[in-house]
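Undergrad: The structure's right below; bear with me while I get my questions together.
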Amino acid sequence: MTDSNSAFHRAVDAQARRMVELARVLHPEFEQDCITDPDMIAKHWHDDVRIRFVDSLVDSWLRDDAYVFYENDGENRSSLNDLLGLFSPAFDKRHVHRIQVQYGKKERREERKRINGDRIRYPMRRYFTILHELGHYLQQTDDDLAETLMSISSTNYNKRLEEGACNRFASLSLLPDAYMRKHCRMLHEFTAKNVADFFKSDQSRGVHRVCRVSRQAVTRRFADFLPEGGYTALVRMAEDGNDARLVFRAHADGGAEYGTPCTFDERRLLETAGRVPTSRRTEEGTMTLSARQTGKGGIRWHIIVWRPY
Ligand SMILES: [Zn+2]
């Protein structure tokens, strides 16, 4: 990661943390809503911004100056258009700010369950999209946050900062620092196993937590707690177990790389991949590998953590 990249990610992080603070001031229940049931946000923020779930975003609200959010976690490229969000700012008092979140097939199925009174579990993506769009709302309507964006001369940089801050805001809201500390005692010296365990326990924390946070989001978030130069990585194994594909590396400074080839050390470590966690020490640090986890579709996942000395 280059210095300018680090500076960019620091600016994104600073903006996002101010957004989290503002959200908590505006709505003291915001923090709890994010942890237990982010669907409550639509209700609690009703007077600020209308959040609506729609089958299609293409309707009369869709304007050239609106913000469209395409989320793709890198796991499944065909799902790029499954769920989109849209923030449409109100330009005068006669209109209201609106957020639209498009349903994916899965949400529609779950919605039918909700109508029937069954317990429902929406995928992480839905909540991430709601919060990402709420991030646009905050940055577009709060004078101080808007000023940060305006004070930068390049429009392209502004846009990148705003988008980056929306994603970071969603991540910090769904996995707040306090929540991470509470549910991972090893946070100051965690290994790949701790990340995998956190993900697994978060999935089953359903009684108090409706929201399911994805393996991708958890792996990325843990990188924040590594020393400089460290990273977490998510690896997807082919069915025969021989072909490892690195989905992303998330660096401690906030940067991420997608789909890059494995390094020599990663390849050596992945040769030991199996049912138990393994590790590999080098002169510069320790690399740990989680035990195999089988996800939906029988996909086998591993997490790598690189912790420099
Ligand atoms: Zn966006």
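Undergrad: Among the numbered conditions (1) crowded, with 19+ Cβ neighbours inside 10 Å; (2) assigned to a helix (DSSP H, G or I), tell me where Phe190 comes up short.
TA: (2)
Undergrad: Residues of the range 47-58 being open to solvent by 90 Å² or more (accessible area, probe 1.4 Å) and within 18 Å of His27 (Cβ to Cβ), which ones?
TA: Asp47
Undergrad: Name the one entry in Ser173, Ser204, Ser154 that is open to solvent by less than 40 Å² (accessible area, probe 1.4 Å) and either without any contact (Cβ under 8 Å) to a residue 12 or more places away in the chain or within 16 Å of the ligand (Cβ to nearest atom) (or both).
TA: So the residue among Ser173, Ser204, Ser154 that is open to solvent by less than 40 Å² (accessible area, probe 1.4 Å) and either without any contact (Cβ under 8 Å) to a residue 12 or more places away in the chain or within 16 Å of the ligand (Cβ to nearest atom) (or both) is Ser173.
Undergrad: If you don't mind, there's one more thing I want to ask. Suppose the filter is free of Cβ contacts under 8 Å to residues at least 12 places away in the same chain, assigned to a helix (DSSP H, G or I) and of a type in the set (A, V, I, L, M); does Ala165 pass it?
TA: No: the conditions fail for Ala165.
Undergrad: Working only within the range 133-148, note down all residues that are open to solvent by less than 10 Å² (accessible area, probe 1.4 Å) and of a type outside the set (D, E, K, R).
TA: Leu134, Gly135, His136, Leu138, Gln139, Leu145
Undergrad: Further question: Select from the range 278-303 the residues that are assigned to a loop (DSSP other than H, G, I, E, B), open to solvent by 60 Å² or more (accessible area, probe 1.4 Å) and within 18 Å of Ala223 (Cβ to Cβ) and list them in ascending order.
TA: Within the range 278-303, just Glu284 meets the criteria.
The values are calculated or read from the model by the stated rules, or taken from the named source; none is laboratory data. Every value quoted in this text rests on a predicted model; they were computed, and no experiment measured them. Note that each Cβ is placed from the backbone with ideal geometry, even for glycine, and that neighbours are counted across all protein chains shown. Accessible surface is based on the protein model in full, side chains and every heavy atom, while ligands, DNA and RNA are left aside. Shrake-Rupley method; radii C 1.70, N 1.55, O 1.52, S 1.80 Å.
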